[in-house]
1. Every residue in region B:180-204 that is under 22 Å from B:GLU155 (Cα atoms) and not in a loop (DSSP other than H, G, I, E, B), please.
2. Inside region B:346-385, can you point out the residues that are hydroxyl-bearing (Ser, Thr, Tyr) and crowded, with 18+ Cβ neighbours inside 10 Å?
3. Which of the residues belonging to region A:162-176 are within 14 Å of chain B (Cβ to nearest Cβ) and either in contact with a helix residue (DSSP H, G or I) (Cβ under 6 Å, 6 or more places away or on another chain) or over 20 Å from A:ILE109 (Cβ atoms) (or both)?
4. Is it true that A:GLY219 is surrounded by fewer than 18 Cβ atoms within 10 Å (Cβ to Cβ), over 27 Å from A:ASN139 (Cα atoms) and among the small types (Gly, Ala, Ser)?
5. I need the full set of residues from region A:222-239 which are open to solvent by 50 Å² or more (accessible area, probe 1.4 Å), touching a residue at least 12 places away in the same chain (Cβ under 8 Å) and farther than 16 Å from A:LEU188 by Cα, in order please.
6. Which count do you get for residues in region B:182-227 that are open to solvent by 50 Å² or more (accessible area, probe 1.4 Å) and touching an Asp or Glu at 6+ places or on another chain (Cβ under 9 Å)?
7. How many of the residues making up region A:177-209 are open to solvent by 10 Å² or more (accessible area, probe 1.4 Å), under 16 Å from B:LYS402 (Cα atoms) and more than 9 Å from chain B (Cβ to nearest Cβ)?
8. With the structure loaded, tell me whether A:GLY242 is over 26 Å from A:LEU158 (Cα atoms), within 14 Å of chain B (Cβ to nearest Cβ) and either among the charged types (D, E, K, R) or surrounded by fewer than 18 Cβ atoms within 10 Å (Cβ to Cβ) (or both) or whether it fails that test.
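The values are calculated or read from the model by the stated rules, or taken from the named source; none is laboratory data. Note that the structure is a prediction, hence the values are computed from the model and not measured. Using ideal geometry, Cβ is built from the backbone for each residue, glycine included, and neighbour counts are taken over all protein chains shown. For accessibility, only protein heavy atoms count, side chains too; no ligands or nucleic acids. Shrake-Rupley method; radii C 1.70, N 1.55, O 1.52, S 1.80 Å.
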Amino acid sequence: MTVCARAMNQTPVSCIPNSRMSKAKKVIDEARENQNPELDLADKGISTFEEMPGLLNMLQITRLTLSHNKLQVVPPGLANLINLEILNLFNNHITELPISLSQMPKLRILNVGMNRLDSLPRGFGAFPVLEVLDLTYNNLSEENLPGNFFMMETLRALYLADNDFEYLPPEIGQLKNLQILVLRENDLIELPKEIGELTRLRELHIQGNRLTVLPPEIGNLDLVSNKAVFRMEFNPWVTPIGDQLQVGISHVIDYIRSETYRYLYNRHLSAKGPPPPIENDKSKKISRAR
Amino acid sequence: MARNSDTLPFPTSISIQSLDHSKLYNRRAQSRENLVEKEITNDSNSNQSTFVYDYEELAEWKGFDKPPKLPPRNFKNAYCDTNDLKKQTTNKTGVTGMSLDDMFCSRCREGFEPHEKIVNSRGELWHPQCFVCAQCFRPFPEGIFYEFEGRKYCEHDFHVLFAPCCGKCGEFVIGRVIKAMNANWHPGCFRCEECSGELAETGFMKCQGRALCHTCNARIKAGALGKHICHQCHGIIDDKPLRFRGEVYHPYHFNCTACGIELNADAREVRSRPGFAANEMNELYCLRCHDKMGIPICGACRRPIEERVVTALGKHWHVEHFVCAKCEKPFLGHRHYEKKGLAYCETHYHQLFGNLCFVCNQVIAGDVFTALNKAWCVHHFACAFCDQKMNQKTKFFEFDLKPACKKCYEKFPQELKRRMRRMYDLNPKKIPA
């Protein structure tokens with residue numbers, strides 16, 4: 001690896017197979033010639049950033065798409081691309097992200113879905129203008145979120161589907177601008193009542209978890225208008241909720257807004273039964289690959 | 001006293017130094033603070049009492065209703081007395097029956113020669129040359145002296161040493177001294193800082209570090225409480241004021257221009273000439289007469305509109321009161337969007353009713369691409385996974401309500417696709433095409 005780096009400083013030679021090098025390099029050269037601010041490098045078989053010489057000096061680019069490659073390491077220097085607004089790293093082999101990404105001044109959309117992230121770096125929540133964060137299909141849980149994760153007040157969409165959350169931290173209530181929250185197929189046992197503070201939420205996906213009850217505060221949200229989507233199937237709901245769900249989502253919402261439900265919910269909490277068992281088999285997830 | 005006579009030589013041999021060098025002066029300067037008390041303990045009936053400064057502590061009024069009783073003043077103390085310096089009177093009074101051998105001077109402790117003049121003051125005897133001012137060692141002009149702590153001073157030195165200075169004019173205060181606001185004042189110098197009326201007889205109130213008379217204090221207090229002062233009668237307006245031609249009044253000073261009824265605070269000021277900016281021509285009408293005049297009423301503030309009228313949503317509005325229902329900023333002629341009887345600015349209409357592009361988060365200017373509970377600018381609609389542009393004809397898959405192009409969907413791992421299929425099979429109606 002060190003040999004390669006030294007070689008790059010002079011003339012790009014030999015140590016990387018020629019075919020791969022040319023594929024990525026061709027796109028980069030073209031973009032540089034055309035002054036194209038959007039760089040598409042999806043599905044180019046790239047496994048390291050060394051295969052894309054000069055990329056980190058293309059300060060003019062606003063979008064960088066590297067999905068469907070084999071990248072394992074993201075160099076901290078990627079944050080040099082100060083004009084980048086959209087960074088797509090979907091479906092790679094990334095196990096950790098550099099903290100420098102969170103300093104990128106214009107980054108609005110970050111997609112690191114379908115990777116092998118076991119944790120996020122300390123201070124990851126410092127993004128100044130991040131609006132859409134896609135962490136779908138990784139190995140994340142509440143245990144390995146950084147302390148400032150929920151300080152990203154500019155966030156309007158947060159995708160956490162196909163991860164390993166059992167509890168959602170109550171700090172979720174701080175994401176005042178959140179419109180979309182996706183928690184499909186985690187291991188969630190309960191939701192915090194602070195979710196009721198997300199007044200702008202119009203998409204909530206909690207299907208395929210281990211949820212039995214919903215906090216009554218969810219009744220504060222407008223999840224039944226024709227501009228809202230609420231998906232809650234495939235959970236071991238308590239019978240009354242399950243029955244309402246058979247009739248329709250709006251019946252569930254009407255029910256959890258009732259006094260009857262509030263009573264049932266409090267009784268259910270004080271009973272404190274054992275959590276339902278994990279049913280999702282995640283052993284085949286490609287994010288588990290080593 | 002004895003010390004003085006021992007240590008002080010005759011005035012002629014004294015070397016002149018500045019006043020600061022005098023221990024006596026310094027000590028007395030300190031004791032000036034205690035002056036008031038000491039003088040009060042003096043016997044006011046004594047002929048010799050030499051009361052020149054009639055200190056009068058003027059306390060601030062604490063209550064609002066009645067001025068406190070002023071402390072009684074003793075005018076007798078305000079004057080000094082001349083002393084009888086004649087030897088004859090001395091013989092007649094204090095020293096009858098005493099032989100010359102038993103008498104000695106209070107200052108130098110020497111005896112008296114036969115036929116020598118003797119000064120008798122309050123039973124004490126002096127050589128004429130010893131009966132002098134303790135400060136300048138000169139005889140007392142016209143025999144007038146002032147006594148303090150057993151020492152006698154001529155009028156000039158007594159003032160220099162002990163007279164209080166007026167906080168306003170800086171001159172000595174002789175006679176009646178007003179002590180107030182941590183300073184001394186001539187009675188004529190201590191005045192209300194608002195109206196300049198004398199405060200010595202009426203008392204004062206302290207208001208933000210200023211001494212004010214009762215009336216001015218009440219007015220300022222009322223102003224601070226947010227109450228208005230009637231421009232006509234200058235009284236405090238306790239209820240709602242009536243605004244008229246730029247001033248505030250008690251409403252009952254006016255009558256309706258049309259029907260003549262006495263007005264209340266609901267009365268309306270009407271521009272006699274529409275569009276005429278100055279308000280000298282305005283007239284007042286009672287609410288009933290005003291309503292008959294057909295002036296449009298603002299749908300927001302319910303007040304008449306006398307300038308530009310905005311008509312929207314079936315109502316009239318003041319230009320500045322026709323605002324976005326979300327951000328409450330006035331449209332000021334900019335385009336607005338109506339929805340369910342409310343008006344919105346462009347940004348908030350789209351934010352609330354969903355025409356912001358999912359990618360750029362901006363109001364969609366041209367055609368809107370709507371799918372998956374979201375909207376896109378036509379040129380921003382792309383696969384969420386490879387960012388490949390898509391159009392109306394492109395087939396795409398739904399994944400967490402994000403669009404996935406066919407190529408990306410095929411790259412999804414088998415186990416994920418299996419789960420997606422299972423969910424779809426069990427719940428087909430929930431997933432939009």
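1. B:ASN184, B:TRP185
2. B:TYR349
3. none
4. Considered against the rule, which asks whether it is surrounded by fewer than 18 Cβ atoms within 10 Å (Cβ to Cβ), over 27 Å from A:ASN139 (Cα atoms) and among the small types (Gly, Ala, Ser), A:GLY219 comes out as no.
5. Across region A:222-239, the qualifying residues are A:ASP222, A:VAL224, A:LYS227.
6. 6
7. Final tally of qualifying residues: 1.
8. Yes: the conditions hold for A:GLY242.
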